[in-house]
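Notes follow once the structure below has been shown.
Every number in this text was worked out from the coordinates using simple rules, so none of it is lab data. The structure presented is a predicted model; accordingly, all values stated were derived computationally and were not measured. Here the Cβ positions follow ideal geometry from the backbone for every residue, glycine too, while neighbour counts run over all protein chains shown.
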Number of protein chains: 2
Amino acid sequence: MILNRRLALGATLAATAAPFISSTQAQQAPVPVGQVTSYYRYRVGDIEVTAVNDGTFSRPLDGLISNAPLPEVKKALIDAFLPDDKLTIPFTSLVLRTGGKLVLIDAGNGNNGPATTGAWMRNFRAAGFDPAEVDQVVFSHFHSDHISGSRLKDGTAVFPRAELAVPAAEWAFWMDDARMAAASEAMKGAFANVRRVLGPVAGTVKRFEWDREVAPGVTAINAVGHTPGHTAFAITSGAGRMLVLSDTANHPALFVRNPDWSGVFDMDGDQARSTRRRLLDMAAADRMQVAFYHAPFPATGFIAREGNTFRMVPVDWQPAI
Amino acid sequence: MILNRRLALGATLAATAAPFISSTQAQQAPVPVGQVTSYYRYRVGDIEVTAVNDGTFSRPLDGLISNAPLPEVKKALIDAFLPDDKLTIPFTSLVLRTGGKLVLIDAGNGNNGPATTGAWMRNFRAAGFDPAEVDQVVFSHFHSDHISGSRLKDGTAVFPRAELAVPAAEWAFWMDDARMAAASEAMKGAFANVRRVLGPVAGTVKRFEWDREVAPGVTAINAVGHTPGHTAFAITSGAGRMLVLSDTANHPALFVRNPDWSGVFDMDGDQARSTRRRLLDMAAADRMQVAFYHAPFPATGFIAREGNTFRMVPVDWQPAI
């Protein structure tokens, strides 16, 4: 969309608004090539949910899945009519207006991710929000693409008023100095990023246990495996229910269709597969709406059981709320 | 989205742009409840395609399908995780930038549709287009939700510079006075609307035959049955190909999953079912991207064969183009 593209480029107010003043002026605008802003609003009972996308990241297939041969992985992508030479992973976090509070579940890559990410703040603002409004940020786990959006690389807290809430088990793992010292070089980077982002709020961060309400209508659920404290969330309001599955599955075309595959992202592959089956079974049996952090935008739908496996059925897009 | 909502309400420039100037001012904005603008941009080879939604219309299930019992229709909706007491039908037309021309395929309900439609012009402008830019409007058929967007009820031509192109067989049917005279009262309304919208351009309208290129890279395809001149389109550019299936199937959860069902919309049910099988078979065999006028936004994806039936697989949303 012209407006957002120009805003992103830091254009002046006059230049930004001009194409909307009249038809004549609009004709002078350059040929538009921009994509629409990627936010999407829906309701779970009385809770207003806004899915806010942070971009995508494409990675090669080699080394992606440890317990399936590459041709099977390619076949799963082909069956989903996706390119079979890479996996394009979207990042979509949730903004909840619940109980008079503005609550985030995860915060995107911030300015610490690949160049094809970092759209979160633009999309969040386009959805009508301001970071200073945010009351609480709830994290599912401490991978960089979920937490880095809460603190810029220069140290600035992005949500100055917000209480940060974290899974107690996740905090215990990543803040353990002995574990960091024993970690591989690659993992040391992840530990360091957790400490960069969350270290400054160590005194005020709220550590939550599973099966507790962490925000109005939002209950934390043990979804361990992807990381040692990985958390899903049940959102309930009146008759409305949604299961926020976080990274219980990465792209559904691979991991909902093949729930027993072990992705390179999962720190404990066996535990992750067991958790995935348990939560997908629950979502399918209860016909609960689900949201995944890495599903195609708007990243929400349902889980249909098919024999011993599953399929994600995206919601029908509603152009009005 | 605040901006578009306010534009739709005719707010002033100053009020419109204010929430975007600074964080401080944004905090004074009212709580946003609006949905994001429903346009979506993608490419077919070198052709830029923009899907532009016009809203939705919900209708009861009674009388919807003539050759399936209501419980089976409800089951198909439940299988798709949709409400089983109504069918919500979206309307999405296409804007093509092809060969230096701006070409529409169908034009929405204009101001002649149900109250939950009529969003097309707002979404079209939000995508950066102006109606005065449009070089050509190609119609798939003459039902009101496809043609009324080209002429307001007060008689104004919406695309003042555009050449209108219509299927010759469709023109021959709807402009036949004897057929109109013999039509039922309900059908007489449809005839009258065709004449209201297209009568004023009878001298200049371009009538096209099937298997001919009607716009750069756009070839008309016989898809008869839904109406006597109903037309699909093949869009080709380099290695890019897409089949615009128009109303060959209404909502895919019903009519792609159950291609032999006869919908109340189809003027010749048997012919429509035969055409539907032929074109879905082709799309599945060739793995061609497809677009449907009445599929959930962004109304594009692929057709997977499953036994003797089909499933629509939506494209993965790309937040950048």
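The charge dipole of chain B, taken about its Cα centre with unit charges on the Cβ atoms of Lys, Arg (+1), Asp and Glu (-1) only, comes to about 540 debye.
For chain A, the relative contact order comes to 16 percent (Cα pairs under 8 Å, sequence separation of at least 6). Dividing the summed helix terms, -39500 (n - 2.57) for each DSSP H run of n ≥ 4, by the number of residues in chain B produces a 222 nm estimate of -7000 deg cm²/dmol to the nearest 500. Summing Lys and Arg as +1 and Asp and Glu as -1 over all other residues whose Cβ lies under 10 Å from the Cβ of A:Ala284 gives a net charge of 0.
Since only A:Met288, A:Gly301, B:Thr156 are under comparison, the one whose Cα sits farthest along the positive direction of the charge dipole of the protein assembly as shown, derived from C-beta charges on Lys, Arg, Asp and Glu, is B:Thr156. For region A:32-146, the normalised intensity computed at q = 0.19, 0.21, 0.22 Å⁻¹ comes to -1.02, -1.12, -1.17 (log10 of I(q)/I(0), Debye sum over alpha carbons, equal scatterers, no solvent).
Placing unit charges on the Cβ atoms only, positive for Lys and Arg and negative for Asp and Glu, gives the protein assembly as shown a dipole magnitude near 900 debye about its Cα centre.
Under 5 Å from the amide H of A:Phe57 lie the amide H atoms of A:Ile89, each residue being 5 or more positions distant or on a separate chain, with H modelled from the backbone and absent for Pro and chain starts. Projecting label points 7 angstrom from Cα along Cα→Cβ for B:Ala182 and B:Glu306 puts them 4.2 nm apart.
Entry note: the protein assembly as shown has Rg to Rh equal to 0.98, where both radii use alpha-carbon atoms and Rh is the Kirkwood radius. How far is the Cα center of region A:126-193 from the Cα center of region B:72-90, in Å? A separation of 41 Å, based on Cα centres. Ordered from longest to shortest, the equivalent ellipsoid semi-axes for chain A are 30, 25, 21 Å, each the square root of 5 times a Cα gyration tensor eigenvalue. Across region B:33-128, the relative contact order, built from alpha-carbon pairs under 8 Å that are at least six residues apart, equals 35 percent.
With neighbours defined as other Cβ atoms within 10 Å of a residue's Cβ, the residues A:Trp210, B:Trp174 order from fewest to most as A:Trp210, B:Trp174. Counting charges near B:Arg41 (Lys, Arg +1; Asp, Glu -1) among other residues having Cβ under 10 Å from its Cβ returns a value of +1. Label-to-label distance, B:Asp79 versus A:Ile78, with points set 7 angstrom from Cα along the beta-carbon direction: 2.6 nm. Relative contact order for region A:200-244: 24 percent, from Cα pairs under 8 Å spaced at least 6 residues apart, divided by residue count.
Reported value for region B:218-283: 75 Å³ per residue, from the convex hull of its C-alpha atoms.
Each of B:Leu279, B:Leu245, B:Leu152 was scored by other Cβ atoms within 10 Å of its Cβ. Arranged with the fewest first, they read B:Leu152, B:Leu279, B:Leu245. Over the Cα atoms of region B:124-193, each weighted equally, I'd like the Debye log10 I(q)/I(0) at q = 0.17, 0.23 Å⁻¹, rounded to two decimals. Taken in order of the listed q values, log10 I(q)/I(0) reads -0.72, -1.10.
Amide H contacts of B:Glu163: B:Gln136, B:Val137, each under 5 Å away and 5 or more positions distant or on a separate chain (H built 1.01 Å from N in the peptide plane; Pro and chain starts excluded). Cβ-to-Cβ counts within 10 Å put B:Ile47, A:Ile105, B:Ile78 in ascending order as B:Ile78, B:Ile47, A:Ile105, the fewest first. Rounded to 0.05, the FRET efficiency of the B:Arg195 and B:Arg59 pair, given R0 = 22 Å and the Cβ-Cβ distance, is 0.30. The number of Lys pairs in chain B with C-alpha atoms less than 22 Å apart, excluding pairs fewer than 8 positions apart on the same chain, is 4.
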